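These notes are about the structure you will find just below.
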Amino acid sequence: MIFISGLTRRLLETADEYRLSAWLFLKLLAVIYFVAFLSLAVQITGLVGPHGILPFGERLADIYNNFGPEAWWRLPTLFWLGSNNLSLQVAAYAGCFFSITLLLGWKQRLSLILLFVLYLSLFHAGQTFLTFQWDTLLLETGFLAIFLVDHPTRLVIFLYYWLLFRLRFLSGISKLLSNDPSWSGLTALLYYFETQPLPHVGAWYAHHLPDWVLQDGVLLVFFIEIVVPFFIFLPRRFRLFAAFSTILLQLLIIATSNHNFVNLLTILLCLLLLDDRIINRIIPHGLQQRIIDRIKQPHLAQQFLTVLFSLIIFTTGLATGYRMLSNQPLPDQLNEATRLVRFYGLGHTYHIFPTMQVERHELEVQGSMDGRNWLTYDFKYKPGPLDRRPAFIVPHQPRLDWMIWFVPGQHEENMIWMDRFMRRLWEGSPEVLDLLRSNPFPDRPPRRLRVMVYRYHFTTPDERKQTGNWWKRELLGEFPFVPPRRP
């Protein structure tokens, strides 16, 4: 007991070597929160508003019918108070506002609590459009930040190490556990740049690198994602190597991929591997002293909550990680407890790109008034016209463009929302049409709709020089009357 008490006191001490790092971390977290909320603000009504693709009000009604008042804590969201377009947009823009207050240092802990509650509410409202690992990563990062304000304790710093370790190691090991031949055969990067959800122009150039470079790149990914995460818990020189190698990989991904804010968030987590001996080189000395003077020792209630939530987060992450690695079910009570914790945005597992697509299937949605002349609905960012330059849109994530990448697999959950999307087009929903680049039927909706499937490939440098096209394609048939894309 004496040992446990001494260890607890040690963990709750202020981590003096991370005072400047924690201050800068909160500033940059505010920026990431801002872009995440703003990205949602411009599309949330078309996704889940009353006239959107998956109206959240319908989801709330179903859950309440099944669970009654118990539904309020089973699905924690502010939108039990109202889920109309105004409520959704107010929540998103309120997130932008409190991101600014966090950045300016005004009521930081209150701002972080409100940011977490707002993003958790939007996370549940978004349903399938917000079931991505970067959304849960932002939630857990933001939740831990509540305990980082004024006093970066060693326990909170450790929990950030634990979060970064889970993110990197599980993402790497899942690639091997998936038995995907492109990962085990070191060929994944021969396909990745062409088949990723939303490539930008950097992907076209990376795709044409020599095969040996791309195969060596897979080995580099395995090393940084599977071996390097263990360096996080080793002495300083190893932590610095883990930080710089992870940041290097994230910058390479940004240079070749549109993955919204997840790479920026991963880089941010690496910041806490860099102690003040590095950070003090970029912060003016006068400001450093003001930051240090603001450091306070946590009071007893804060210490208790820090320990309580640390135990919950650590054990949930450990349990869910074990289940993923062992492929064994958890005991019923533990499984229910971890599921409840995950409802609140904590303790999730991470397995980014465990399998690799080897073909790019693009869906082209078309409408017609007479069944003979068909016009195309043009999406804002996903590949469409062959001569359109793939756009760089980091840190924005257009959720509809991203999700439609999954539909050619013809899994049931994606077929459901795709059917709803087509119905909204047929109804002429303004909110849904705003998610698209253009509406070929501005006066009234078409009488008929169809979806054509094309196989897309990047053009070669010679083909691009001759035609000016970034893509080439071939028709596969009408969806869903074509073989599903695999994997």
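Each reported figure results from applying straightforward, stated rules to the coordinates on display, with no laboratory input. As the structure is a prediction and not an experimental result, all values here were calculated from the model. Here the Cβ is made from the backbone with ideal geometry for all residues, glycine too, and neighbour counts use every protein chain on show.
With helices as the sole contributors, the chain gives -17500 deg cm²/dmol at 222 nm; each DSSP H run of n ≥ 4 counts as -39500 (n - 2.57), and the sum is divided by every residue. Each residue in 164, 104, 433, 220 was given a count of other beta-carbon atoms within 10 angstrom of its own, and listing them fewest first yields 104, 220, 433, 164.
Computed over segment 360-478, the P(r) tail beyond 20 angstrom holds 47 percent of alpha carbon pairs. Segment 408-445 and segment 254-273 have Cα centres spaced 31 Å apart. Pairwise alpha-carbon distances in segment 11-343 exceed 27 Å for 51% of all pairs. The length gained on full extension between residue 462 and residue 413, counted as 0.36 nm times the residue separation minus their Cα-Cα distance, comes to 13.6 nm. Sites listed here are trypsin sites (Lys or Arg not before Pro) in segment 35-120 whose DSSP assignment is loop and whose Cβ has at most 14 other Cβ atoms within 10 Å: 107.
Please give the FRET efficiency for residue 97 paired with residue 61, using the beta carbon to beta carbon distance and R0 = 25 Å, rounded to the nearest 0.05. Provide the component values of the computation, followed by the final result.
Numbers: r = 30 Å, r/R0 = 1.18.
About 0.25, to the nearest 0.05.
Compactness of segment 1-155 is given as radius of gyration and Dmax, 18.1, 60 Å, from Cα positions.
When only DSSP loop residues count, what chymotrypsin sites (Phe, Trp or Tyr not before Pro) in segment 30-132 have their Cβ near at most 13 other Cβ atoms within 10 Å?
Loop-located and lightly packed - 106.
As a rough footprinting exposure proxy, the listed residues 453, 48 were ranked by other beta carbons within 10 Å of their own, and the order from fewest upward is 453, 48.
Using 1/(1 + (r/R0)^6) with R0 = 30 angstrom and r between the beta carbons of residue 278 and residue 227, what's the FRET efficiency to the nearest 0.05? Using R0 = 30 Å, I get an efficiency of 0.85.
Given R₀ = 35 Å, FRET efficiency for residue 150-residue 74 by Cβ-Cβ distance, to 0.05? FRET efficiency, residue 150 to residue 74: 0.55.
Starting from the Cα-Cα distance between residue 241 and residue 335, subtract it from 0.36 nm times their residue separation and give me the gain in nm to one decimal.
30.3 nm
For the pair segment 307-375 / segment 59-77, the C-alpha centres are spaced 21 Å from each other.
Projecting the Cα positions of 440, 81, 118 onto the charge dipole of the chain (unit charges on Cβ atoms of Lys, Arg, Asp and Glu, taken about the Cα centre) puts 118 furthest along the positive direction.
Summing Cβ point charges (Lys, Arg +1; Asp, Glu -1) relative to the Cα centre of the chain gives a dipole of roughly 800 debye.
Kindly express, to the nearest 10 degrees and within the range 0 to 90, the angle between helix 56-67's C-alpha long axis and the longest C-alpha principal axis of the chain. The angle comes out near 60 degrees. Helix 85-104 and the long axis of the chain differ in direction by around 40°, with both axes built from C-alpha atoms.
Projecting the Cα atoms of 158, 252, 47 onto the charge dipole of the chain (Cβ charges, centred on the Cα centre) puts 158 farthest toward the positive pole. Once every Cα of segment 159-244 carries one equal point scatterer and solvent is ignored, give the base-10 log of I(q)/I(0) from the Debye formula at q = 0.11, 0.17, 0.20, 0.21 Å⁻¹, two decimals. Scattering profile of segment 159-244, log10 relative to I(0): -0.37, -0.80, -0.97, -1.01. Over segment 78-225, the pair-distance histogram of Cα-Cα distances with 10 Å bins from zero comes to 10, 26, 27, 23, 13, 1 percent, rounded to whole numbers.
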